[in-house]
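Colleague: The structure follows.
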Amino acid sequence: MLEVSDVTKKFGGLTAVDDVAFTIGEAEIVGLIGPNGAGKTTLFNTITGIYQPEQGGDIDFDGVQLVGKETHVIAREGVVRTFQIVRVFGEMTVFENAVAGALFGGDGSVDRSTAEEKAHEALEFVGLASQADTEASALPVARQKQLELARALASEPKLLLLDEIASGLTPGEVDELTEIIRRIRDERGIAIFWVEHIMDAIMDVADRIIVLNSGRKIADGTPAEVQENETVIEAYLGAST
Ligand SMILES: Nc1ncnc2c1ncn2[C@@H]1O[C@H](COP(=O)(O)OP(=O)(O)O)[C@@H](O)[C@H]1O
Ligand SMILES: [Mg+2]
């Protein structure tokens with residue numbers, strides 16, 4: 001479904017993403033891990049049109065070339081992300097946040113009443129329906145993250161990119177969020193590309209893990225394979241245990 005090849009992104013003399021290639025299949029959950037500064041967020045930004053890769057990079061999604069397209073166009077193709085820093089619209093209600101998601105994504109032809117329907121359904125799905133009228137900024141951070149998921153879901157993505165959505169949560173909250181992410185895939189058939197430092201969560205739910213180090217892909221395999229990979233242990237996992 002997503003086919004990334006020869007993707008490099010430089011910031012001046014720094015190569016943040018270095019000739020990376022990988023694929024993500026339908027309804028697959030793929031984890032993206034690696035040390036701070038490895039290029040994970042930059043890779044997300046390149047896939048979602050915030051940055052352009054260097055010449056020769058190719059990002060194909062269901063036969064559509066994403067390189068050169070703007071973020072909102074890419075969202076309409078079905079590739080939607082959340083951000084490392086929570087970005088709910090604080091002064092809007094939970095419901096209005098979800099409606100905004102529905103209006104932003106989709107094929108662009110979503111009318112208000114359809115958007116409200118999708119918003120309601122997405123809030124039900126993540127368990128926030130009872131707080132629809134609450135101002136988003138009044139929600140605890142764990143709920144704000146669920147709202148981010150609902151907002152993304154309301155836009156009916158085919159591929160959801162999550163950037164450290166579980167960071168800063170208690171273990172119980174991480175479990176709850178991980179369960180929602182698993183259900184997004186199981187019940188909605190949505191593929192997930194998930195950057196996370198919380199190894200228990202990502203290793204538990206991912207079908208496959210890609211490891212970045214200094215911009216380069218150093219491993220791509222099942223959680224078990226990656227956890228036993230010497231290069232990965234040296235570059236990342238060893239340091240975190
Ligand atoms: N907008 C930017 N301008 C310059 N350097 C950047 C920018 N964004 C990221 N970088 C650098 O690129 C590298 C990769 O960063 P990032 O993608 O944020 O890593 P990660 O998300 O894996 O922690 C880092 O060295 C970072 O300092
Ligand atoms: Mg990052």
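The values are calculated or read from the model by the stated rules, or taken from the named source; none is laboratory data. These numbers come from a predicted model, not from an experiment. Methodologically, a virtual Cβ is constructed for each residue, glycine included, from the backbone with ideal geometry; neighbour enumeration extends over all protein chains shown.
Colleague: Being more than 14 Å from ligand 1 (Cβ to nearest atom), of a type in the set (A, V, I, L, M, F, W, C), farther than 24 Å from LEU153 by Cβ and buried (at least 18 other Cβ atoms within 10 Å of the Cβ) is the filter here; which residues of the stretch 204-236 pass it?
Modeller: Listed by number, the residues that qualify are ALA219, VAL226, VAL232.
Colleague: Could you tell me whether any residue of the stretch 124-132 is out of contact with any His (no Cβ under 9 Å at 6 or more places or on another chain) and closer than 19 Å to GLU77 by Cβ?
Modeller: For the stretch 124-132, residues out of contact with any His (no Cβ under 9 Å at 6 or more places or on another chain) and closer than 19 Å to GLU77 by Cβ: absent.
Residue-wise test of (1) in contact (Cβ under 8 Å) with a residue 24 or more places away in the chain; (2) of a type in the set (Ser, Thr, Tyr).
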residue: SER113; (1), (2): no, yes
residue: ALA122; (1), (2): yes, no
residue: GLY127; (1), (2): yes, no
residue: ALA132; (1), (2): yes, no
residue: ALA154; (1), (2): yes, no
residue: LEU160; (1), (2): yes, no
residue: THR178; (1), (2): yes, yes
residue: ILE181; (1), (2): yes, no
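Colleague: Next up: So, of the residues in the stretch 40-58 that are in contact (Cβ under 8 Å) with a residue 12 or more places away in the chain and away from ligand 1 (no atom under 16 Å from the Cβ), which turns out to be surrounded by the fewest Cβ atoms within 10 Å (Cβ to Cβ)?
Modeller: The residue in question is GLY56.
Colleague: Might you let me know whether the stretch 69-77 holds any residue that is part of a loop (DSSP other than H, G, I, E, B), under 17 Å from LEU161 (Cα atoms) and of a type in the set (A, V, I, L, M)?
Modeller: Scanning the stretch 69-77 turns up no residue that is part of a loop (DSSP other than H, G, I, E, B), under 17 Å from LEU161 (Cα atoms) and of a type in the set (A, V, I, L, M).
Colleague: Within the stretch 23-45, work out how many residues are near ligand 2 (Cβ under 9 Å from one of its atoms), farther than 19 Å from GLU3 by Cβ and among the hydrophobic types (A, V, I, L, M, F, W, C).
Modeller: The qualifying residues number 1.
Colleague: Filtering the stretch 183-234 down to residues that are assigned to a loop (DSSP other than H, G, I, E, B) and among the polar types (S, T, N, Q), which residue is nearest to ligand 2 (Cβ to nearest atom)?
Modeller: Among them, the one singled out is SER214.
Colleague: Read through the list (1) farther than 14 Å from PRO35 by Cβ; (2) away from ligand 1 (no atom under 16 Å from the Cβ); (3) not in a strand (DSSP E or B), then give the number of the only condition that SER167 fails.
Modeller: Just one mismatch for SER167, condition (2).
Colleague: Quick check: is even one residue across the stretch 121-137 surrounded by 20 or more Cβ atoms within 10 Å (Cβ to Cβ), at pLDDT 90 or above, in contact with a Lys or Arg (Cβ under 8 Å, 6 or more places away or on another chain) and assigned to a loop (DSSP other than H, G, I, E, B)?
Modeller: yes
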